[in-house]
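Quick notes on the structure that follows.
The values are calculated or read from the model by the stated rules, or taken from the named source; none is laboratory data. Not measured: the values here are computed from a predicted model. Neighbour counts run over all protein chains shown; Cβ positions are idealised from the backbone, glycine included.
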Amino acid sequence: MLEGAVLAFDFGERRIGVAVGNTQLGIPHPLATIDTPVTDQRFAAIAKLIAEWQPAQLVVGLPMHPDGVEHELSALSRRFANRLKGRFGLPVWLVDERYTSVIAESMLEEAGVQRGRKQKPALDQVAAQAILATWFDQPGVEV
């Protein structure tokens with residue numbers, strides 16, 4: 001694991017949640033939600049975040065079913081991780097993201113943000129925060 005900033009991504013076909021943290025502190029923070037299905041726009045937004053935060057590495061959540069079997073989105077998440085590595089030349093890690101959406105919903109409810117429309121703008125980035133917290137505990141697999 002390299003020292004420095006880390007960006008984590010909760011990949012979705014429509015939205016990508018992004019969180020940031022630092023390996024020295026090990027504390028993740030929600031950062032942004034990229035809300036577009038257009039690939040070029042997604043990667044342009046990611047390029048801006050990488051330019052701003054100068055991460056040493058990237059983390060991508062890998063969707064899994066509760067029994068550990070890969071989810072339908074797993075292949076798309078792996079492809080996204082490979083594209084990040086190819087475009088930005090940074091180490092990319094895959095982390096099991098089981099239950100991160102449930103954790104994110106719970107965190108938002110604890111913060112007083114009720115389920116539904118009010119949670120939607122923050123849900124993906126809080127899920128990315130949970131993915132990054134998982135990675136700080138167990139780095140996962142490098143792409």
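Structure data summary
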quantity: All positions within the stretch 28-41 that are in contact with a strand residue (DSSP E or B) (Cβ under 6 Å, 6 or more places away or on another chain) and surrounded by fewer than 19 Cβ atoms within 10 Å (Cβ to Cβ); calculated: His29, Ala32, Asp35
quantity: Residues being surrounded by fewer than 18 Cβ atoms within 10 Å (Cβ to Cβ) and among the β-branched types (Val, Ile, Thr) - total across the stretch 122-142; calculated: 1
quantity: Failed item, numbered, when Gly4 is tested on (1) within 27 Å of Ala75 (Cβ to Cβ); (2) surrounded by 13 or more Cβ atoms within 10 Å (Cβ to Cβ); (3) not polar (S, T, N, Q); calculated: (1)
quantity: Subset of the stretch 12-26 [modelled with pLDDT under 95 and among the hydrophobic types (A, V, I, L, M, F, W, C)]; calculated: Leu25
quantity: Number of positions in the stretch 42-75 that are of a type in the set (D, E, K, R) and buried (at least 17 other Cβ atoms within 10 Å of the Cβ); calculated: 1
quantity: Residues located in the stretch 8-30, provided they are within 22 Å of Glu142 (Cβ to Cβ) and not in a loop (DSSP other than H, G, I, E, B); calculated: Ala8, Phe9, Asp10, Ile16, Gly17, Val18, Ala19, Val20, Gly21, Asn22
quantity: Matching helices (runs of 4 or more DSSP H) fully within the stretch 33-143 where at least 2 residues are at pLDDT 90 or above; calculated: 39-53, 74-88, 120-137
quantity: In the stretch 57-84, the residues that are under 16 Å from the mean Cα position of the chain (by Cα) and over 17 Å from Ile131 (Cα atoms); calculated: Ala75, Arg79, Asn82, Arg83
